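Here's the structure we're looking at; comments come further down.
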Amino acid sequence: MSMTGPIPGGPGGPDNPHEPGDDFTATELSAQAVRLPLWRRKPLLIVGAVILAAYIVLAIVGPFLVDDPRATDPANFLQSPSADNLFGTDKFGRDVFARAVHATRLDISVGLIIAVSAMIVGSVIGVISGYFGGWVDETLMRFTDIILAFPGFVLALVLVAAIGNSTLNVTIAVTVAYIPYFIRLTRAQVLAD
């Protein structure tokens, strides 16, 4: 099936005065993009924002809606999901859904601490490296390359195994794994300016 005539909204159509092969200026292209609603321009942004908002609401109101996550019921251990226990129970009879809901606060706080800490430390080191240059830059960049030689997850596991398993140690280990990305980004900006 072939179409004849201009396509509405397409080049040369009644909604678009440009002919095929016309070069659009950056201003015209950005003006066309601004006319689209946000959910059409960036649908994944909206999906991510909705998921994040749901997660934050769950962290705030969730603990008031579920039972105590530490309550044990040995008679009902390792139960499959049901109306009473949405995710089932663990080997001690604890409600897995209640435990997951209560963990959201810790998850959000640890994630924010890791991101902010890695950004601050990495930015400071990156600025120092880019500003001073010379042997300081070379030394810091080789140290960064050593850290980047290991996958972030593996590096975090090794660090946790070395310093111990606690929430603070996991936070430190993951922060160390993410610092090099901020170092490189900040250093590049300093060198560009």
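The values are calculated or read from the model by the stated rules, or taken from the named source; none is laboratory data. Just so it is clear, the structure is predicted and the values come from calculations on it, not from any experiment. Note that we place each Cβ from the backbone using ideal geometry, even for glycine, and neighbour counts take in every protein chain shown. Just so you know, the surface numbers come from the protein's heavy atoms only, side chains and all, with ligands and any DNA or RNA stripped out. Shrake-Rupley method; radii C 1.70, N 1.55, O 1.52, S 1.80 Å.
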> Separation between the residue 45 and residue 153 pseudo-spin-labels, each 7 Å from Cα along Cα→Cβ, expressed in nm?
Replying inline: 2.9 nm
> If r is the Cβ-Cβ distance from residue 56 to residue 161 and R0 is 41 Å, what FRET efficiency results, to the nearest 0.05?
Replying inline: 0.80
>> Suppose each label sits 7 Å from its Cα in the direction of the beta carbon; what would the residue 99-residue 128 distance come out to in nanometres?
In response: 4.2 nm
> Hey, rough spin-label estimate for residue 76 and residue 107, points 7 angstrom out along Cα→Cβ, what's it come to in nanometres?
Replying inline: 2.2 nm
>> Given axes a ≥ b ≥ c from the Cα gyration tensor, I'd like to know whether the range 112-158 is rounded (a/c under 1.5), prolate (a/b larger than b/c) or oblate.
In response: oblate
> Hey, if you put +1 on the Cβ of every Lys and Arg and -1 on every Asp and Glu Cβ in the range 78-193, which of 191, 129, 165 ends up farthest toward the positive end of that dipole?
Replying inline: 165
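Equivalent-ellipsoid semi-axes (√(5λ), Cα gyration tensor) for the range 43-122, whole Å, largest first? All intermediate terms of the calculation are to be shown ahead of the outcome.
Working: eigenvalues 184, 52, 22 Å².
Each semi-axis is √(5λ); the values are 30, 16, 11 Å.
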> For the range 47-159, what is the relative contact order in percent, using Cα pairs closer than 8 Å and at least 6 residues apart in sequence?
Replying inline: 18 percent
> Sorted by accessible area (1.4 Å probe), largest first, how do 135, 39 line up?
Replying inline: 135, 39
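State whether the range 33-169 is rounded, prolate or oblate according to the following rule on the C-alpha gyration tensor (a ≥ b ≥ c being the square roots of its eigenvalues): a/c under 1.5 gives rounded; otherwise a/b larger than b/c gives prolate, and the remaining case gives oblate.
On the way: a/c = 3.18, a/b = 1.53, b/c = 2.08.
Cα axes put the range 33-169 in the oblate bin.
Just check the range 94-193 against the gyration tensor rule for me: Cα atoms, a ≥ b ≥ c as the square roots of the eigenvalues, rounded for a/c under 1.5, and otherwise prolate or oblate depending on whether a/b exceeds b/c.
prolate
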